[in-house]
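One structure below.
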Amino acid sequence: MTATTTHTKIWTVPCGALCIIQVATRGVAGLGADLAGCLLGDAVDVVNCAARRLYASGAVGEGVRDAITRQITIAALEMAQSQGGKCTPGPRGLHLCVVPKGADVNVRLGSTDVRIQIYDKGGTTIGNVFITDEDRRGDGPLLDHELFHTFQWAAAGGLPFAALYGNEYAKAGGECNRFEQAAGFVAGHYPHCVGLL
């Protein structure tokens with residue numbers, strides 16, 4: 001879905017998510033009005049800007065995130081549990097799911113199944129669920145990094161974030177991309193990416 005704004009830019013992030021964010025955060029330290037500034041740039045810039053503002057808005061932002069990502073979060077919890085994952089509450093409503101080493105999580109995107117190999121990286125955040133193959137509750141910086149990804153999912157309208165992230169990942173040739181940069185390269189265990197963008 002494409003929406004136009006009063007600016008001359010056209011953005012490809014569904015207006016539904018940004019509009020919900022704008023209405024829900026109106027009056028919260030000026031957050032709603034500030035979102036108008038997020039409509040400049042490409043879809044990655046829009047998502048990262050809106051995610052930063054949601055993240056900074058505390059409980060209101062968490063409520064908006066939870067509402068927008070509800071369905072994908074439920075699906076991610078079910079996927080993790082189907083692979084033997086044990087899920088526990090984490091900071092600011094993040095769900096932490098530890099799956100057995102070597103487990104793959106299958107994600108259905110439309111009519112396509114995508115297999116995510118959890119073991120070849122620190123973990124994967126889908127919606128509001130951080131899926132990993134080891135207990136990372138003690139790694140505060142990593143959890144903060146993954147928490148930021150949950151707000152990116154919300155800012156993109158939920159499931160469209162998977163396609164946006166996949167495109168950005170391919171364009172950058174890996175994890176040294178703008179979504180990981182916004183979440184924090186060092187906190188996400190990507191120190192080799194610092195200074196590359």
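Scanning region 62-101 for residues that are of a type in the set (Ser, Thr, Tyr) and closer than 13 Å to His149 by Cβ yields a total of 2. In the condition set (1) assigned to a helix (DSSP H, G or I); (2) more than 13 Å from the chain's Cα centre (by Cα), Tyr55 is compliant with all but (2). What is the number of the single condition among (1) at pLDDT 90 or above; (2) touching a Ser or Thr at 6+ places or on another chain (Cβ under 7 Å); (3) farther than 20 Å from Ala59 by Cβ that Gly123 does not meet? Result: Gly123 passes all but (1).
Restricting the first member to region 151-173 and to residues that are more than 18 Å from Arg70 (Cα to Cα), and the second to residues that are in a helix (DSSP H, G or I) and basic (Lys, Arg), the beta-carbon pairs closer than 8 Å and six or more apart or on different chains are Glu168/Arg178; Ala172/Arg178.
Asp113 fulfils the conditions (1) at pLDDT 90 or above; (2) of a type in the set (D, E, K, R); (3) in a strand (DSSP E or B) except for a single criterion, (1).
Yes/no per residue for (1) of a type in the set (Phe, Trp, Tyr); (2) part of a loop (DSSP other than H, G, I, E, B):
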position	(1), (2)
Asp144	no, no
Phe148	yes, no
Ala170	no, no
Glu175	no, yes
Glu180	no, no
His192	no, no
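A single member of Gly157, Gly138 is farther than 24 Å from Tyr190 by Cα and modelled with pLDDT under 90, and it is Gly157.
Restricting attention to region 150-163, the residues being surrounded by 23 or more Cβ atoms within 10 Å (Cβ to Cβ), out of contact with any Cys (no Cβ under 9 Å at 6 or more places or on another chain), assigned to a helix (DSSP H, G or I) and not hydroxyl-bearing (Ser, Thr, Tyr) number 5.
The values are calculated or read from the model by the stated rules, or taken from the named source; none is laboratory data. Since this is a predicted model, take the numbers as computed values, not measurements. Cβ coordinates were reconstructed from backbone atoms using ideal geometry, including for glycine residues, and neighbour counts include every protein chain displayed.
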